[in-house]
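These notes concern the structure reproduced below.
The values are calculated or read from the model by the stated rules, or taken from the named source; none is laboratory data. Everything numeric in this text was worked out from a predicted model, so none of it was measured. So basically every Cβ, Gly included, is an ideal-geometry build from the backbone, and we count neighbours across all protein chains shown.
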Amino acid sequence: MMNEALQELIDFLPCRTPAAWLDWAMDNQALLLIDHANCEKKAASNAMTLMYRYVSHTDLLTKMSQLAREELLHFEQVVGIMAERGVTYGRIGPSRYAAGLRDSMRTDRDGALIDSLIVGAIVEARSCERFSVLAPLLDEKLAKFYRSLLRSEARHYQDYLGLAQQYADVDISNRIKHFLSIEKTLIESPDTEFRFHSGVPFSADTAAI
């Protein structure tokens, strides 16, 4: 069942993680963990923000409440792994990834909701895909942890996308394609700083794995 969910998620994304990013990740494992913790915290915060803004959307409240709790648990787990490995959790700047996706979001209330949910689905899907390709390259304990995240992250992607389709009063397939096109550019183009959702390093081979 997990293999089917992972394949569905991979088919949804516009591209695979480039091999150059994986090489970059292996050279920056401490930074990978720090930014992973940041991503979990931001995901919980985003879910809570949606809950505060759209209080009359019962299904959204239920799913975002569950998602926020899970993301905070994952945050605690990553911080624990960092402590075991002597990695200090400090402040680092965000990647251009989330901002690049949000730049195209609509500002009206209903449009902002649908776009936020679509972007949330894409971010969760990419996170899950990256866990899956990182796991075979990591040490046994970290690989086991990342594999354990696959099921929940795959469900989060489905929840976001399902809510977007539920609350939209028009077909959103073109809107999804629009954000996926942006995501592909962000994933495959060069970045100056490594992050969990960054593109590839400058001058790197962008061939997909």
Please pick out the residue among S198, S203, S189 that is touching a strand residue (DSSP E or B) at 6+ places or on another chain (Cβ under 8 Å) and either on the phi > 0 side of the Ramachandran plot or basic (K, R) (or both).
S203
For A25, are the conditions met, namely being in contact (Cβ under 8 Å) with a residue 24 or more places away in the chain, touching an Asp or Glu at 6+ places or on another chain (Cβ under 7 Å) and of a type in the set (G, A, S)?
no
Looking at region 15-43, which of its residues are surrounded by fewer than 16 Cβ atoms within 10 Å (Cβ to Cβ) and among the hydrophobic types (A, V, I, L, M, F, W, C)?
M26, A30
Being aliphatic (A, V, I, L, M) and assigned to a helix (DSSP H, G or I) is the filter here, so list the residues in region 170-187 that pass it.
I176, L180, I182, L186, I187
Single match in R126, R155, R106 (criterion: at pLDDT below 95 and either touching a Leu at 6+ places or on another chain (Cβ under 9 Å) or over 20 Å from D27 (Cβ atoms) (or both))
R155
Region 37-57 residues that are assigned to a helix (DSSP H, G or I), paired with ones that are buried (at least 20 other Cβ atoms within 10 Å of the Cβ) and of a type in the set (S, T, Y) (beta carbon under 8 Å, 6 or more apart)
C39/S127; N46/S116; L50/S116
Looking at G90, G86, which is the one that is assigned to a loop (DSSP other than H, G, I, E, B), at pLDDT below 95, of a type outside the set (F, W, Y) and out of contact with any Leu (no Cβ under 9 Å at 6 or more places or on another chain)?
G90
Looking at this structure, is S127 touching a residue at least 40 places away in the same chain (Cβ under 8 Å) and among the polar types (S, T, N, Q)?
yes
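So that you can scan it fast, the table gives a plain yes or no per residue for (1) closer than 28 Å to H57 by Cβ; (2) basic (K, R); (3) without any contact (Cβ under 8 Å) to a residue 40 or more places away in the chain; (4) part of a helix (DSSP H, G or I):
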{"site": "G120", "(1), (2), (3), (4)": "yes, no, no, yes"}
{"site": "F131", "(1), (2), (3), (4)": "no, no, yes, yes"}
{"site": "L142", "(1), (2), (3), (4)": "no, no, no, yes"}
{"site": "R147", "(1), (2), (3), (4)": "no, yes, yes, yes"}
{"site": "R195", "(1), (2), (3), (4)": "no, yes, no, no"}
Restricting the search to region 133-152, which residues are of a type in the set (A, V, I, L, M, F, W, C) and at pLDDT 95 or above?
V133, L134, A135, L137, L138, L142, A143, F145
Does R85 fit the bill of being over 19 Å from the mean Cα position of the chain (by Cα) and in contact (Cβ under 8 Å) with a residue 60 or more places away in the chain?
no
Residues being in contact with a Ser or Thr (Cβ under 6 Å, 6 or more places away or on another chain) and of a type in the set (F, W, Y): count how many of those fall in region 53-75.
0
Go over the candidates L33, L60 one by one and state the one that is in a helix (DSSP H, G or I), in contact (Cβ under 8 Å) with a residue 24 or more places away in the chain and closer than 15 Å to L142 by Cα.
L33
I'm trying to understand the selection: among the residues of region 66-97, which are surrounded by 13 or more Cβ atoms within 10 Å (Cβ to Cβ) and among the small types (G, A, S)?
A68, S95
